[in-house]
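Computed from the coordinates by the stated procedures, all read-outs in this text should not be read as laboratory data. Since the model is a prediction, treat every value here as computed from it, not as a measurement. Using ideal geometry, Cβ is built from the backbone for each residue, glycine included, and neighbour counts are taken over all protein chains shown.
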Amino acid sequence: MVIDTNTCVGCMDCVVACQTENNVPEGFCRDWITTEAKGSFPTIDMEIRSERCNHCEIPPCVPCCPTGASHVSDIGGIVLVEHNKCIGCKACITACPYDARYIHPDGYAEKCTFCVHRVNEGIDPACVSVCPTKCMHFGDLDDPNSEVNKLLNSRKHHSLLREAGTKPNILYLT
């Protein structure tokens, strides 16, 4: 996923779409809006970002799971949780440097799945499909001809917490 921080306005449509599409319990969320100000007056830059699980290439949440509930899917490397295997031990929550997981009221770890049920049907995740500014882009980072790769090759970009060594698959255009 590639998110353009120059066009995100923090409207939270992505958050509401995710909650609705995935029946997220009230008081919880799989994605959220963050604002970050850098610099000092009079030169201040503010970045507005939609954040969620980064579906890392090296996900620290997976090897720490004692039951194998947290795993990397064969579908595009999406990091998923098998609810019926999860014992709610919270090891994955502790391991995630992005604070992208929570314990569902039914007792299992929950997180963004990139709406894998939609992706399997060739449809963008709910957050991408409702964005009014079209700042979110979803596609195959391994395909050099994909829209996401073209965007990354045309603009400066960054990931979150690069120093964590997780190789996140959500990148932010600046």
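Projecting label points 7 angstrom from Cα along Cα→Cβ for Phe28 and Glu163 puts them 3.2 nm apart. Charge tally for Ala109 (other residues, Cβ to Cβ under 13 Å; Lys, Arg +1; Asp, Glu -1): +1.
Counting charges near Tyr172 (Lys, Arg +1; Asp, Glu -1) among other residues having Cβ under 14 Å from its Cβ returns a value of 0. Shown for the chain: cysteine residues without a partner Cβ closer than 4.7 Å, namely Cys11, Cys18, Cys29, Cys56, Cys64, Cys65, Cys86, Cys89, Cys96, Cys115, Cys131. Note on segment 97-174 and segment 1-71: Cα centroid distance 8 Å, given to the nearest whole angstrom. Comparing Thr7, Pro42, Phe28 along the charge dipole axis of segment 2-173, the residue lying farthest to the positive side is Pro42, per the Cβ-charge model.
Measuring spread by the Cα atoms of the chain yields a radius of gyration and Dmax of 16.1, 53 Å.
Mind checking the dipole of the chain: about its Cα centre, +1 per Lys or Arg Cβ, -1 per Asp or Glu Cβ, Debye to the nearest 20?
Here the chain has a charge dipole of around 340 debye.
Rank Cys86, Gly139, Leu173 by how far each Cα sits towards the positive end of the charge dipole of the chain (+1 on Lys, Arg Cβ; -1 on Asp, Glu Cβ) and give me just the farthest. Result: Leu173, furthest along the dipole toward the positive end. For Lys134, the aspartates and glutamates whose Cα comes closer than 18 Å to its Cα, not counting residues fewer than 8 places off in the same chain, are Asp4, Asp13, Asp31, Glu47, Glu51, Asp124, Glu147.
Largest GNM mean-square fluctuation across Glu121, Glu110, Glu57, computed for the chain with C-alpha springs under 10 Å, falls on Glu121.
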